[in-house]
Amino acid sequence: GAAMLRFLGPLLCLWALRLPAGTGAAGRGLDVASYRERVRAMFYHAYEHYLESAFPYDELRPLTCDGQDTWGSFSLTLIDALDTLLILGNVSEFQRVVSVLQEGVDFDIDVNASVFETNIRVVGGLLSAHLLSRKAGVEVEAGWPCSGPLLRMAEEAARKLLPAFQTPTGMPYGTVNLLHGVNPGETPVTCTAGIGTFIVEFATLSHLTGDPVFEDVARKALKALWKNRSDIGLVGNHIDVITAKWVAQDAGIGAGVDSYFEYLVKGAILLQDKELMSMFLEYNKAIKNYTKFDDWYLWVQMYKGTVSMPVFQSLEAYWPGLQSLIGDVDNAMRTFLNYYTVWKQFGGLPEFYNIPQGYTVDKREGYPLRPELIESAMYLYRATRDPTLLELGRDAVESIEKISKVDCGFATIKDLRDHRLDNRMESFFLAETVKYLYLLFDPDNFIHNDGSDFDVVVTPYGECVLNAGGYIFNTEAHPIDPAALHCCRKRKEEQWEVEDLMREFYSRKKTKKFTLKRASDHAEGEHAKDPEYASSEKAGEKRNSKKSSHSLLSCPSQSFNSKLAVLGQVFLDNT
């Protein structure tokens, strides 16, 4: 069967690529629109019961119809579900929730919080909602996207995490007290993902607020992991952040490591950073050499490369999606099909699956409604239009509705063999699982924009283009618009580059419409004298609204012969 699939895979892809979107699945009797509506109904069944029975707690307990705090105490499910509302097209509820969060969420609380979870769910959720708020019809501040209430909340939450990074290695502790910082006696052992999963959110924060500290600590942590890889190029599972000694030496692509690799790729794309991508490609070679067998990935000893656990973990199912992002679609598809066979065997992905035995691992038979396989299907469907991917989506909807749906929401599946349930609905069900399912069945969603549609926004630092697509999802499925990173104050070097290019252009055109000053004139506190610049040093305070007719880095309309983009300033060919 596997050999046949390997042979047919490329043919299926070719066949699917020849068809317009949606035709393939329709030809196989799958009504995409009706599944999209079922996913929408799924979202509201869970969301409304959360609001009714669990808010303001973090999560819904669906079997007892009440709520509990899990990762902190900040109405986590609401923050996590916010951008999903907009993807489903519900602008009025998005606007309502934005004002509820502004009133009700406080991070000055005596709570021990996971640095990793707070970053991906809270900081990521708030940043994404901030960048989407104008699209959702929220009245935004004059300085948006460089200021705004949700951005201030994201920054406040991220600042609470910074004390965790004050270690000799720059690798963060795993837990921080939101009021007191790192607790005395806190364990210095952190998992690899808990160290390497910050660059997407923290670089976005730095670029929007102008404060480099966030991106700096995230980069330092990434580099520390890279520096401590083994001679054969692998990283382990847990490391001591004080001594940089590996405590758990299992190397693989799953739990404890997963989003480190994901963020090297996504960080590289978001920041156009060759160094991050070359790090990933080096790891990718080692992973293929030592952990890949027959399109499965196993766990090996990080120094010797010997197999330590021949198991597949459900969290690893993100990998085909990541492979598709670097263009390795054939390998991605083969691994995806392996994982899909496991899904079909159980009606879900067990947390652990013993590959040689072809069955679940003791005490790891559950499926907490995780998104990873659906996430990979969404990416691969964009790349191939292979109808098999829609069939996984169909199976997921049917399984979740049949096994997991209860009167008060959707419950974690405790055991896929007998369908026992657990009294928990993780916030990622609404943030990720439902979102990726909806996007799989909604080819025309604004998230899939190919750049043919965009908004031009005037900021205190010039014009910028937003909502042109190319969104980068953080590991909690919160989309970040990469163009937004170029909207706010330019670094001096960047500004010189752009201004030098433009000076050259204008001198060639013999145009003397306005003179460009060197950015260094402004760098030493000259901003206040220049109407082009905001009157305040800090993003988020009131901007000087009087601006000259040309912002410093925008061009009068000229007929260009080609498209040109310089550090986020996009010039379009209007001829």
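Nothing in this text is a laboratory measurement; each read-out follows from the coordinates by a stated rule. Just so we're clear, the structure is a prediction, and the values are computed from it rather than from any experiment. As a convention, Cβ positions derive from the backbone with ideal geometry for all residues, glycine included, and neighbour counts pool all protein chains shown.
3J(HN,Hα) along the range 277-294, derived from phi through the Karplus expression 6.51 cos²θ - 1.76 cosθ + 1.60 where θ = phi - 60°, amounts to 5, 5, 4, 4, 5, 5, 4, 4, 4, 5, 5, 5, 5, 10, 10, 8, 9, 6 Hz, with x in place of Gly and Pro. Electrostatic bookkeeping for V122 treats Lys and Arg as +1 and Asp and Glu as -1; over the other residues with beta carbon under 11 Å from its beta carbon, the sum is -4. Think of each Lys and Arg Cβ as +1 and each Asp and Glu Cβ as -1; about the Cα centre, that makes the dipole of the range 127-286 roughly 140 debye.
Multiplying the residue separation of D453 and K304 by 0.36 nm and removing their Cα-Cα distance gives an extension gain of 48.6 nm. Across the options G256, A268, I287, the greatest Cα extent toward the positive end of the charge dipole of the range 234-309 (unit charges at beta carbon of Lys, Arg, Asp, Glu) belongs to I287. Derived scalar couplings between HN and Hα for the range 151-165 equal 5, 5, 5, 4, 5, 4, 4, 5, 4, 5, 8, 4, x, 5, 8 Hz in order, rounded to whole Hz, by the Karplus curve 6.51 cos²θ - 1.76 cosθ + 1.60 (θ = phi - 60°), x for Gly and Pro. Between amide H atoms placed 1.01 Å from N, distances below 5 Å from V247 occur with H238, I239, D240, all of them 5 or more places distant or on a separate chain.
Per the Debye formula on identical point scatterers at the alpha carbon atoms of the range 311-435, with no solvent, log10 I(q)/I(0) at q = 0.11 Å⁻¹ is -0.35.
Net charge within 10 Å of D258 by Cβ-Cβ distance, Lys/Arg positive one each and Asp/Glu negative one each, not counting D258 itself? It works out to a net charge of -3. Taking a label point 7 Å from the Cα of V406 along the Cα→Cβ vector, which residues of the range 42-85 have an amide N closer than 12 Å to it? Under 12 Å, as judged by backbone N against the label point of V406, lie 60-67 of the range 42-85.
Rounded to the nearest 20 debye, the dipole magnitude of the range 369-445 is 120 debye, with +1 charges on Lys and Arg beta carbons, -1 on Asp and Glu beta carbons, and the Cα centre as origin. Extent of the range 153-291 along its three principal axes (Cα atoms, max minus min coordinate, largest first): 44, 37, 22 Å. Placing +1 on the Cβ of every Lys and Arg and -1 on the Cβ of every Asp and Glu, with nothing else charged, gives the range 311-435 a dipole about its Cα centre of roughly 100 debye. For a test of the definition: using alpha carbon positions, the gyration tensor, and the 1.5 limit on a/c, classify the range 49-151 as rounded, prolate or oblate. It is oblate, given that a/c is not under 1.5 and a/b is not larger than b/c. Applying a DSSP loop filter and a limit of 10 other Cβ atoms within 10 Å to the GluC sites (Glu not before Pro) in the range 92-190 leaves E139. Checking the a/c ratio against 1.5 first, then a/b against b/c, what shape does the Cα gyration tensor give for the range 365-444? The shape class here is prolate. So the label point goes 7 Å from the Cα of E52 along Cα→C-beta, right? Which residues of the range 397-436 then have their backbone N under 13 Å from it? So the set is 406-410. Here the Karplus curve 6.51 cos²θ - 1.76 cosθ + 1.60, taken at θ = phi - 60°, turns the phi angles of the range 32-41 into couplings of 4, 4, 6, 5, 4, 5, 5, 5, 4, 5 Hz, with x standing for Gly and Pro.
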